[in-house]
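A.B. asks: Attaching a single structure in structure tokens format; questions to follow.
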Amino acid sequence: MISNPENFQAILGAPGVTGKTVTDLPEDGLKEFIQSTIYKNQELKEPFYVLDLGVVISIMNKWTRTLPAVRPFYAVKCNPDPSFLGALAALGASFDCASRAEIESVLSLGVSPDRIIFANPCKFESHIKYAARVGVNLTTFDSQTEIEKIRKHHPKCDLLIRVKSPDDSGARCPLGPKYGALPEEVEPLLQAAQDAQLSVLGVSFHIGSGATYSSAYEGAIAAAKAIFDSASRLGMPKMHVLNIGGGFTAGPNFDDAANIVKSAIQTYFLDEPGLTIISEPGRFFAESAFTLATNIIGKRVRGELREYWINDGVYGSMNCILYDHAILNATPFVGSGNGGDHTRHDAKTYSSTVFGPTCDALDTVLTDYRLPELQVNDWLVFPNMGAYTAAAGSNFNGFNTSAISTHLVYSNSKLTR
Ligand SMILES: *Cc1c(COP(=O)(O)O)cnc(C)c1O
């Protein structure tokens with residue numbers, strides 16, 4: 001059942017998608033699609049991504065249903081794939097950009113500049129000038145020098161003060177060590193912004209990426225309310241924007257996090273009727289929309305241990321193991337010329353190591369992972385590879401992550417989830 005055919009039509013016409021082949025998949029058709037792509041790919045055997053636009057629609061629906069009062073600005077750094085950005089734009093998302101290039105890529109989709117927040121508290125001067133030129137008029141800051149740069153190069157820009165979240169201890173990637181004003185720094189910064197005749201519309205925080213304790217939102221929202229009150233005490237214009245940042249995951253944690261956010265806003269912002277609430281989800285939107293298929297290019301047997309080499313790794317898409325503390329899962333697929341029978345694998349599994357292609361031992365993707373006996377030219381397929389993967393890959397050793405192609409599919413069964 002297609003519950004939102006109009007959304008799908010909008011995506012098909014989106015920049016970044018239009019003109020590309022989008023394969024319609026039956027329910028649970030992803031496996032068959034990957035298997036058939038593997039067969040078609042038999043010459044090159046290059047790794048490839050599959051982006052499921054049906055998942056993008058269902059995730060956007062999930063957000064809108066669960067947090068209708070919170071406007072999402074997708075954090076582009078998480079995955080800047082042009083088709084993905086185009087699909088999100090067509091579904092009405094706004095965007096969190098951190099650099100000139102990110103702003104350019106979002107504007108090139110036809111997104112208007114008022115759907116962009118330049119949410120980097122420490123920006124290149126040249127990028128601030130660029131934002132001023134193209135009309136991106138909302139940014140964050142957490143230092144005096146940033147106020148000075150903005151005053152000089154983009155004085156009409158509205159500001160959100162980025163504050164350190166009181167608790168990001170449960171996050172996979174805490175951001176507190178780098179960003180966010182400390183409680184005692186907030187009033188002097190607000191005062192400095194006022195002296196510079198800049199307008200501070202509200203407060204922004206990030207509880208850390210891949211947050212495990214959703215309760216962190218509550219403490220941060222309470223702290224934000226205290227800052228709204230400080231601003232009033234300082235005689236500043238009334239604050240009216242609350243930016244709750246990212247940190248969401250698409251799994252069962254999301255409902256929990258959303259409930260905590262809603263109830264904290266009820267508790268602390270009940271007397272702020274004109275409040276605009278925005279968010280900067282990255283992982284929530286990107287993670288489950290992408291699947292990565294990699295080819296086994298080498299094998300070594302050492303007793304019971306099986307060792308495999310695949311053609312993407314830690315210097316490519318799997319940099320998430322280092323930077324994002326990700327733990328990956330893989331499913332084997334039979335390669336062309338290896339029998340072709342999807343069920344060939346017998347039940348016996350071996351402790352296996354899976355290496356990436358570069359000549360660095362750090363380039364290890366899976367260790368002590370149970371896999372059936374596989375052969376060179378079989379494939380390993382990694383689900384949930386959309387967040388902080390290809391975005392931060394390199395060309396180290398001549399293996400070029402940015403050249404990995406992305407196949408677009410649409411599994412409409414996901415719409416009923
Ligand atoms: C990285 C980042 C995000 C996205 O965080 P997720 O945990 O992926 O949702 C949002 N806002 C800012 C300022 C960021 O740096």
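The values are calculated or read from the model by the stated rules, or taken from the named source; none is laboratory data. Since the model is a prediction, treat every value here as computed from it, not as a measurement. Every residue, glycine among them, receives a Cβ derived from its backbone with ideal geometry; neighbour counts consider all protein chains shown.
A.B. asks: State which residue is nearest to the chain's Cα centre (by Cα) when the search covers only the range 172-184 and only residues that are more than 9 Å from the ligand (Cβ to nearest atom) and touching a residue at least 12 places away in the same chain (Cβ under 8 Å).
C.D. replies: If we take residues in the range 172-184 being more than 9 Å from the ligand (Cβ to nearest atom) and touching a residue at least 12 places away in the same chain (Cβ under 8 Å), then Pro174 is nearest to the chain's Cα centre (by Cα).
A.B. asks: Filter the range 298-314 for residues that are within 27 Å of Ser83 (Cβ to Cβ) and surrounded by fewer than 24 Cβ atoms within 10 Å (Cβ to Cβ); which is farthest from the ligand (Cβ to nearest atom)? Explain how you work it out, then say what you get.
C.D. replies: As a first pass, look at the range 298-314 and keep what is within 27 Å of Ser83 (Cβ to Cβ): 310-314.
Remaining after also requiring surrounded by fewer than 24 Cβ atoms within 10 Å (Cβ to Cβ): 311, 314.
On the way: Asn311: 27, Val314: 20 Å.
That would be Asn311.
A.B. asks: Follow-up question, since we're still on this one. Assigned to a helix (DSSP H, G or I) and buried (at least 22 other Cβ atoms within 10 Å of the Cβ): does that describe Leu85?
C.D. replies: Numbers: assigned to a helix (DSSP H, G or I): yes; buried (at least 22 other Cβ atoms within 10 Å of the Cβ): yes.
Judged against the criteria, Leu85 is a match.
A.B. asks: Please work out if Pro80 is modelled with pLDDT of 95 or more, within 15 Å of the ligand (Cβ to nearest atom), outside any helix (DSSP H, G or I) and closer than 19 Å to Pro281 by Cβ.
C.D. replies: Values: modelled with pLDDT of 95 or more: yes; within 15 Å of the ligand (Cβ to nearest atom): yes; outside any helix (DSSP H, G or I): yes; closer than 19 Å to Pro281 by Cβ: yes.
So Pro80 fits the description; yes.
A.B. asks: Considering each of Gly251, Gly245 in turn, give the residue that is under 18 Å from the mean Cα position of the chain (by Cα), buried (at least 21 other Cβ atoms within 10 Å of the Cβ) and within 30 Å of Ala326 (Cβ to Cβ). Break it down stepwise before answering.
C.D. replies: Values: Gly251 fails: buried (at least 21 other Cβ atoms within 10 Å of the Cβ).
When all the criteria are applied, what remains is Gly245.
A.B. asks: Let me ask something additional. Kindly indicate the residue of the range 257-270 that is within 16 Å of the ligand (Cβ to nearest atom) and in contact (Cβ under 8 Å) with a residue 60 or more places away in the chain and also farthest from Tyr217 (Cα to Cα) among those meeting that condition. Spell out the reasoning first.
C.D. replies: Let us first name the residues in the range 257-270 that are within 16 Å of the ligand (Cβ to nearest atom), namely 257-258, 260-261.
In the following step, the residues that additionally are in contact (Cβ under 8 Å) with a residue 60 or more places away in the chain were identified as 258, 261.
Values: Ala258: 9, Val261: 6 Å.
By that ranking, first place goes to Ala258.
A.B. asks: Identify the single condition in (1) assigned to a strand (DSSP E or B); (2) under 30 Å from the mean Cα position of the chain (by Cα); (3) outside the structural domain of Ala119 (by TED's automatic domain parsing) that Ile277 does not satisfy, given that it satisfies every other one.
C.D. replies: Ile277 satisfies every listed condition except (3).
A.B. asks: State all residues of the range 50-72 that are within 14 Å of the ligand (Cβ to nearest atom) and assigned to a strand (DSSP E or B); if no residue qualifies, say none.
C.D. replies: Answer for the range 50-72, where residues must be within 14 Å of the ligand (Cβ to nearest atom) and assigned to a strand (DSSP E or B): Val70, Arg71, Pro72.
A.B. asks: Let me ask you something else. What residue, among those in the range 388-403 that are within 17 Å of Cys359 (Cβ to Cβ) and surrounded by fewer than 14 Cβ atoms within 10 Å (Cβ to Cβ), is farthest from the chain's Cα centre (by Cα)? Talk me through it step by step, then tell me what you get.
C.D. replies: Our first condition is that a residue be within 17 Å of Cys359 (Cβ to Cβ); within the range 388-403, this holds for 393-401.
Checking the rest, the ones that are also surrounded by fewer than 14 Cβ atoms within 10 Å (Cβ to Cβ) come to 395, 398, 400.
Values: Asn395: 21, Gly398: 26, Asn400: 21 Å.
My answer is Gly398.
A.B. asks: Related question: Can you name the strands (runs of 3 or more DSSP E) wholly within the range 188-256 that have at least 2 residues being in contact (Cβ under 8 Å) with a residue 24 or more places away in the chain, within 16 Å of the ligand (Cβ to nearest atom) and not aliphatic (A, V, I, L, M)? Give the steps one after another, and end with the answer.
C.D. replies: Details: elements: 199-204, 209-211, 241-243.
In the range 188-256, the matching strands (runs of 3 or more DSSP E) lie at 199-204, 209-211.
A.B. asks: Something else now. Return the residue satisfying two criteria in turn: it lies in the range 367-387 and is more than 16 Å from the ligand (Cβ to nearest atom) and closer than 30 Å to Tyr74 by Cα, and of such residues it is surrounded by the fewest Cβ atoms within 10 Å (Cβ to Cβ).
C.D. replies: Within the range 367-387, the first condition is being more than 16 Å from the ligand (Cβ to nearest atom), and the residues that meet it are 367-383.
When the remaining residues are screened for being closer than 30 Å to Tyr74 by Cα, the result is 380-383.
Values: Leu380: 27, Val381: 21, Phe382: 25, Pro383: 16.
Ranking the candidates gives Pro383 first.
A.B. asks: Hey, another quick one. Could you tell me how many of the residues in the range 128-171 are more than 27 Å from Ile321 (Cα to Cα), over 20 Å from the mean Cα position of the chain (by Cα) and not hydrophobic (A, V, I, L, M, F, W, C)?
C.D. replies: At the first step, the residues of the range 128-171 found to be more than 27 Å from Ile321 (Cα to Cα) are 128-163.
Subset that is over 20 Å from the mean Cα position of the chain (by Cα): 128-138, 141-161, 163.
Next cut, not hydrophobic (A, V, I, L, M, F, W, C) only: 129-130, 133, 135, 137, 142-146, 148-149, 151-156, 158.
Here the count works out to 19.
Here is a yes/no grid of residues against (1) surrounded by fewer than 22 Cβ atoms within 10 Å (Cβ to Cβ); (2) farther than 27 Å from Ile227 by Cα; (3) within 14 Å of the ligand (Cβ to nearest atom):
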residue	(1), (2), (3)
Tyr74	no, no, yes
Glu104	yes, yes, no
Ser112	yes, yes, no
Glu148	yes, no, no
His153	yes, no, no
Leu160	no, no, yes
Gly170	yes, no, yes
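A.B. asks: For residues that are of a type in the set (Val, Ile, Thr), within 16 Å of Asn79 (Cβ to Cβ) and in contact with a strand residue (DSSP E or B) (Cβ under 7 Å, 6 or more places away or on another chain), tally how many sit in the range 390-412. Break it down into steps so the answer makes sense when it comes.
C.D. replies: Taking the range 390-412 and keeping what is of a type in the set (Val, Ile, Thr), we get 401, 404, 406, 409.
Now drop any that are not within 16 Å of Asn79 (Cβ to Cβ), which leaves 401, 404, 406.
From the residues that got through so far, the ones that are in contact with a strand residue (DSSP E or B) (Cβ under 7 Å, 6 or more places away or on another chain) too are 404, 406.
Number satisfying all stated conditions: 2.
A.B. asks: Test Arg306 against the stated conditions and say whether it is in a strand (DSSP E or B), without any contact (Cβ under 8 Å) to a residue 24 or more places away in the chain and not aliphatic (A, V, I, L, M).
C.D. replies: Working: in a strand (DSSP E or B): yes; without any contact (Cβ under 8 Å) to a residue 24 or more places away in the chain: no; not aliphatic (A, V, I, L, M): yes.
Criteria not met by Arg306.
A.B. asks: Scan the range 388-402 for residues that are more than 16 Å from the ligand (Cβ to nearest atom) and closer than 27 Å to Phe284 by Cβ and report the count.
C.D. replies: Within the range 388-402, the subset more than 16 Å from the ligand (Cβ to nearest atom) is 393-402.
Those still in the list that are closer than 27 Å to Phe284 by Cβ too: 393-394, 401-402.
Final tally of qualifying residues: 4.
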